[in-house]
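*Asks:* For reference, the structure I am asking about is given below.
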């Protein structure tokens, strides 16, 4: 056994760890480390705005404050739940319907689909600005036509009205993300086997029965995937709403991410802000763990 | 017929806001602020040079390019080998480690950026492009690992065996045999990474303030409570989005896989 062969043997066995270490190192240094640091900060009174609050240990004070003394946090949590459940269900319904339409009635799907994808590929900041322009209270294009049709009062602006603003930003989210649902469902529909459908048609099943008894059960993994991915993403929403309303008017559209941003980077209340950021993370982590189990493990495959 | 009509309506709804933005970027101030929406107008080119040259938005385009380019390159350089290991090697706790990569991509940006802000402040990297590049690499790295694991898994194992018969070492096989076969997938992954980084807002908003601002962070600065120059806003927004639309056409085939973390192949 010569020496170079022995050397390459070591390298050979080392390929696994050697290839993994840089990736892990980056994540540990940039995510895990800072995250642990933040958990540490959450037990202090660190604040850049108040004198004397330079990181003294306060135990669970910030956690107690979140649970007992901060109705605004829980209000933003509630707003976020309304936002998530609203947009996900509408996007799911519209996106699924659109995928079925494309699947059954359109031949040159790829071209149509590419045009349809444009809303979700644009920078969310640009999406926010586009709609801010469309919905402007004085010269917004959509505002103008809604007023012409008598659907909107002459003094009402969709983004300035306390009751209308949340549904409005939700509709913008529906506009942006319905294409995603369509894209994934169309891929799912195209991957289904043909035999069950042919057999059902032979047996004289009506279209609605085919859809209910064959299409939906076969698509169940895709349905779970879409609901959970959109659910998690909607829960994290920040950019678009931040640009459109900044969380306002008042706190009408202050989603949990925007609230956490405000505590940290407007009030500079970093000790308490760490707790808020931690709570957002916790909710998403739970959703994520559920989705991973639902999608990957029950399927019995890691990556297909 | 009903299907076709529905489709036309859907496309009009999907595309009109962007067309309106495009039109606004070529409208004079008078046309942009008219009481009734103006659909036909004499286009003006004044906004583009005004905002990019006179107002200094051109360097932000450069910053966005550098941040997106370097973070894509970095993520590929360390993510592709890791993806190869996940696709071809077995070791204890492999799926748990893979799940860890998944959680990093799923983590809400606000919960990541708060600790990163504290960390980069501590090491003195606040308001540098480096901080944004590193921040974007965290989510791009995970994307690379998932997508490339799938692309490596698509390569038949017989190819590995043949390469080993030919006397390639494992490292050599990875570099000279598998990597070229996975190149198309890698190109698609790179484009997706670039898009994600180019479009990203929150990390960049928190981590940079002045010279290192990226385009997405710069645009909102043009929106003021009084007298926003919408023509200029639209011009910057168009420059920030048009390249992405072109890229979308390029990677459309791989979008499903990229956006569902490999769960749906598309």
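*Asks:* Give the residues of segment A:32-58 that are part of a helix (DSSP H, G or I), in contact with a helix residue (DSSP H, G or I) (Cβ under 6 Å, 6 or more places away or on another chain) and at pLDDT 90 or above, sorted by residue number.
*Replies:* A:41
*Asks:* Restricting to segment B:213-248, what's the tally of residues that are within 14 Å of the chain's Cα centre (by Cα) and at the interface with another protein chain (Cβ under 9 Å from one of its Cβ atoms)?
*Replies:* 8
*Asks:* Which one is farthest from the chain's Cα centre (by Cα), of the residues in segment B:43-64 that are free of Cβ contacts under 8 Å to residues at least 12 places away in the same chain and on the phi < 0 side of the Ramachandran plot?
*Replies:* Once the filter is applied, the top-ranked residue is B:54.
*Asks:* Further question on the same structure: For residues that are in a helix (DSSP H, G or I) and either within 10 Å of chain A (Cβ to nearest Cβ) or in contact with a strand residue (DSSP E or B) (Cβ under 7 Å, 6 or more places away or on another chain) (or both), tally how many sit in segment B:65-99.
*Replies:* Counting residues in segment B:65-99 that are in a helix (DSSP H, G or I) and either within 10 Å of chain A (Cβ to nearest Cβ) or in contact with a strand residue (DSSP E or B) (Cβ under 7 Å, 6 or more places away or on another chain) (or both) gives 19.
*Asks:* Let me ask something else. On the basis of being modelled with pLDDT of 90 or more, more than 10 Å from chain A (Cβ to nearest Cβ) and surrounded by fewer than 22 Cβ atoms within 10 Å (Cβ to Cβ), does residue B:187 make the cut?
*Replies:* Yes: the conditions hold for residue B:187.
*Asks:* Any idea which residue in segment B:100-131 is farthest from the other protein chains (Cβ to nearest Cβ), counting only those that are in a helix (DSSP H, G or I), in contact (Cβ under 8 Å) with a residue 12 or more places away in the chain and farther than 14 Å from residue A:34 by Cα?
*Replies:* Here the residue is B:129.
Yes or no, residue by residue, for (1) more than 10 Å from chain A (Cβ to nearest Cβ); (2) under 17 Å from the mean Cα position of the chain (by Cα); (3) not in a helix (DSSP H, G or I):
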site: B:152; (1), (2), (3): no, no, no
site: B:193; (1), (2), (3): yes, yes, no
site: B:198; (1), (2), (3): no, yes, no
site: B:211; (1), (2), (3): yes, no, yes
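*Asks:* From B:65, B:4, B:19, grab the single residue that is out of contact with any helix residue (DSSP H, G or I) (no Cβ under 6 Å at 6 or more places or on another chain), at pLDDT 90 or above and surrounded by fewer than 14 Cβ atoms within 10 Å (Cβ to Cβ).
*Replies:* Exactly one residue qualifies, and that residue is B:19.
*Asks:* Please work out which one of (1) without any contact (Cβ under 8 Å) to a residue 24 or more places away in the chain; (2) under 30 Å from residue B:228 (Cα atoms) is the condition residue A:245 fails and give its number.
*Replies:* (1)
*Asks:* Also, quick follow-up: Name the residues in segment B:232-255 that are within 30 Å of residue B:153 (Cβ to Cβ) and surrounded by fewer than 22 Cβ atoms within 10 Å (Cβ to Cβ), would you?
*Replies:* Selection gives B:244, B:246, B:247, B:248, B:249, B:250, B:251, B:252, B:253, B:254.
*Asks:* Can you give me the ranges of the helices (runs of 4 or more DSSP H) entirely in segment A:109-211 with at least 3 residues that are under 21 Å from residue A:236 (Cα atoms) and either touching a residue at least 60 places away in the same chain (Cβ under 8 Å) or within 11 Å of chain B (Cβ to nearest Cβ) (or both)?
*Replies:* Of the helices (runs of 4 or more DSSP H) lying wholly inside segment A:109-211, those with at least 3 residues that are under 21 Å from residue A:236 (Cα atoms) and either touching a residue at least 60 places away in the same chain (Cβ under 8 Å) or within 11 Å of chain B (Cβ to nearest Cβ) (or both) span A:109-121, A:124-134, A:165-191.
*Asks:* Residue B:96 versus (1) under 26 Å from residue A:236 (Cα atoms); (2) surrounded by fewer than 15 Cβ atoms within 10 Å (Cβ to Cβ); (3) within 19 Å of the chain's Cα centre (by Cα): which is the lone unmet condition?
*Replies:* All conditions pass for residue B:96, except number (3).
*Asks:* While we're here: Only one of these conditions is not met by residue B:187: (1) closer than 25 Å to residue B:22 by Cβ; (2) assigned to a helix (DSSP H, G or I). Which number is it?
*Replies:* Unmet for residue B:187, out of (1) closer than 25 Å to residue B:22 by Cβ; (2) assigned to a helix (DSSP H, G or I): (1).
The values are calculated or read from the model by the stated rules, or taken from the named source; none is laboratory data. From a predicted model like this one, the values you see are computed outputs, not experimental measurements. As a convention, Cβ positions derive from the backbone with ideal geometry for all residues, glycine included, and neighbour counts pool all protein chains shown.
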